[in-house]
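Readers should treat all values here as calculations from the given coordinates under stated rules, not as data from a laboratory. None of these values were measured; they are calculated from a predicted model. In this analysis, Cβ positions are derived from the backbone assuming ideal geometry, glycine residues included, and neighbour counts consider all displayed protein chains.
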Number of protein chains: 2
Amino acid sequence: MLLFYQKDIVIGEQPLGEEEAKHCLRVLRMQKGDKLYFTDGKGHLAHAVISEDTLKKARIQVIQLETHPNPSFHTHIAIAPTKNIERMEWFVEKCVEIGVHSLSFVLTKYTERSYFNMERIEKKAVSAMKQSLKYWLPTLNAPQSFDNFLTTLTPQNYPQLFIAYVDKTNPTTLFQTAQAHLPTCILIGPEGDFSLDEVEKAQQKGFIKVGLGESRLRTETAGIVACTTMQMIQEK
Amino acid sequence: MLLFYQKDIVIGEQPLGEEEAKHCLRVLRMQKGDKLYFTDGKGHLAHAVISEDTLKKARIQVIQLETHPNPSFHTHIAIAPTKNIERMEWFVEKCVEIGVHSLSFVLTKYTERSYFNMERIEKKAVSAMKQSLKYWLPTLNAPQSFDNFLTTLTPQNYPQLFIAYVDKTNPTTLFQTAQAHLPTCILIGPEGDFSLDEVEKAQQKGFIKVGLGESRLRTETAGIVACTTMQMIQEK
C-alpha cells in the first residue's frame, strides 16, 4: 500500500496538492480513475480516485474517510538540536517511524545551533509517516528557549517528566522508572550536556533524572533510544 | 576524555598509526609528552604519551594497559543490506553506540545490494566506538549468502535465534520473547522482506519469528530497534 499526504481532506472532490500530484502523475504515472490512499496526519485515511490527471489541475475524489485513533500513550521528546542538521532530520525520521506524538527543539545553554529549517524537518516527518503507514503526524514545535519550553508543561498535561542526565545521585534508567499509558515528556540534552542550572530548573518543574542505559550516546541516538524505550514500556 | 584507536597495542614504545597520527598531531596539535588514551577494540584501554611528534615518524609510549571485559550478554544482528549504503553506515554507527557484539550482512532473495565497501563500514564502527568510549569493536562480517550465513550458527553458539518477520501465526514481539544473558542472533530482512522459503529455512534452523512492535519499520530502523530491545531486556 502506498500512502499519500494531503493536509486537509474532505469527502468529495478536491484539488490534489502540488507535490503529491507530481509524485502520483509524473513519477508513478497514475491516471484518471486510479485508486489511491491519503492521510492528513490527523488520524484520517482517505480512499480516493484521481478525478483529474493534468499536473497543474490535478484533483481527487475522496470516496471513504476512515478515522484512526492516536495510540493510547503519549510520548513527547524535547531535544537540543545538534550542530549537524542531518542528525536531527534522521532523528525525526526514526522517531516518526517508531512512534512519537510531539517533538520539540529546545535551545539550551550548550546547544550549538539556534536556527534550523522547520520546513525540512516537517517534510522528513511527513515522508516517514507515509513510509511507515501512520495516520498521525507528530506535533512539531519550532526551536524555543529552555526556560520558555518549561513553561509549556504542567503536571496535568504531562504526569511523567524525565530529563536524560546521569550523575552520581541518579542510578535509575528511563526503562526502570517510566510507567506505561501516561503522557510522558523526555528532555534530551546537547552534546555538551545540560548545564547544572538547567538540570535544577527542570527538577523544580518536576523532571526526574534518568539514564538511558550503560552507553554514552550521541544526542540523536539518545532521542531514538528514549522513543524506543517508551514503546517497549507499553509492552512490559 | 578523547579516545584513539590503534589496532594492536603493547606496553612500551610503538609507532602510531597514520590516521590517528594526523588527528593527534595535525588536527588537535598535540605534542611530545602529551597524554592520550587508546583502545584496540579488543577490550584494552591504553594510557600513553606521545614520544615522537613528527607526522611521518609518530610514536607513542604505552604506560599502562587496562583490560575491560565484554558485556555479559551477546547480541548479533544479521541484516540484509539496504540499497542506500548511507542507511547501513548509520545502522552500524548506532548499533555500536547502543551496544552490539557482532554484525553480519546477509544477501537474501530480495536484497537490492550485493556489494559494499566493508572498509567504510569498519571506519564507521571504529569512529562510533571511539566516540562512545567503548573498548570493544564488534565483529563485522562481510556480505554472505543467506544459506551460508545459516550454516555459521549453532544452538551452542547462539541459544536464542530470532527472525524479524510478522505474519498471522506470529503475534509475539522480540521484547516479550527474548531472555536476558543469552547469546542472541536476530535476522533483519530487506525492504521486500524475507521470502517464504527463507523464513522456512530459518525456522528449520531454530529461528523463532518475532515482531518488533506495532510500527512498520525500515530495515535499518528495525536493526536499531532490535539492538535497543536486547539492551532493555538485560534491564528487565
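When shorter helices are ignored and each DSSP H run of at least 4 residues is given -39500 (n - 2.57), the per-residue value for chain B at 222 nm works out to -8500 deg cm²/dmol. May I ask for the angle, rounded to the nearest 10°, between helix A:219-235 and the longest principal axis of chain A, with both axes built from Cα atoms and the value confined to 0 to 90°? Tilt of helix A:219-235: around 80 degrees.
For the stretch A:16-34 versus the stretch A:101-116, the spacing of their alpha-carbon centroids is 36 Å. Looking at chain B, the DSSP beta bridges with both ends there are about 40 percent antiparallel.
With all pairs of different C-alpha atoms in the average, the Kirkwood value for the hydrodynamic radius of the stretch B:75-235 is 15.6 Å.
Assign unit charges at the C-beta atoms only (+1 for Lys and Arg, -1 for Asp and Glu), then state the dipole size of the stretch B:20-61 relative to its Cα centre in Debye, rounded to the nearest 20.
On the way: 9 positive and 5 negative charges, 33 e Å.
Here the size comes out at about 160 debye.
With axes computed from alpha carbons, what is the tilt in degrees of helix A:85-98 against the longest principal axis of chain A, rounded to the nearest 10 within 0 to 90? Orientation of helix A:85-98: about 80 degrees from the principal axis.
Of A:Lys7/A:Lys124; A:Lys7/A:Lys57; A:Lys236/B:Lys124, which sit over 23 Å apart, Cα to Cα? Where the Cα-Cα span goes over 23 Å, the pairs concerned are A:Lys236/B:Lys124. Rounded if a/c is under 1.5, else prolate if a/b is larger than b/c, else oblate: which is the stretch B:144-200, with a ≥ b ≥ c the root eigenvalues of its Cα gyration tensor? The shape class here is oblate. Give the shape of the stretch A:8-119 as rounded, prolate or oblate, defined through the alpha-carbon gyration tensor: a ≥ b ≥ c are the square roots of its eigenvalues, a/c under 1.5 means rounded, and otherwise the shape is prolate if a/b is larger than b/c and oblate if not. Prolate, because a/c is 1.5 or more and a/b exceeds b/c.
Using the Cβ-Cβ distance between B:Glu122 and A:Ile85 with R0 set to 22 Å, the FRET efficiency from 1/(1 + (r/R0)^6) comes to roughly 0.25. Under the convention that each Lys and Arg Cβ holds +1 and each Asp and Glu Cβ holds -1, the size of the dipole of chain B around its Cα centre is about 320 debye.
Dipole magnitude for the stretch B:98-190: computed about the Cα centre from +1 point charges on Lys and Arg Cβ and -1 point charges on Asp and Glu Cβ, it is near 280 debye. In this assembly of identical copies, the label point of A:Lys57 (Cα plus 7 Å along Cα-to-Cβ) is separated from its counterparts by 8.1 nm, sorted shortest first. According to the square roots a ≥ b ≥ c of the eigenvalues of the Cα gyration tensor, what is the shape class of the stretch B:1-59, taking rounded for a/c under 1.5, prolate for a/b larger than b/c otherwise, and oblate for the remainder? Since a/c reaches 1.5 and a/b is larger than b/c, the shape of the stretch B:1-59 is classed as prolate.
For B:Arg29, the point set 7 Å out from Cα toward Cβ sits 6.0 nm from its twins in the other copies, listed from shortest up. Computed as a quarter of the hull surface, the mean projected area of the alpha carbon convex hull for the protein assembly as shown stands at 25.0 nm².
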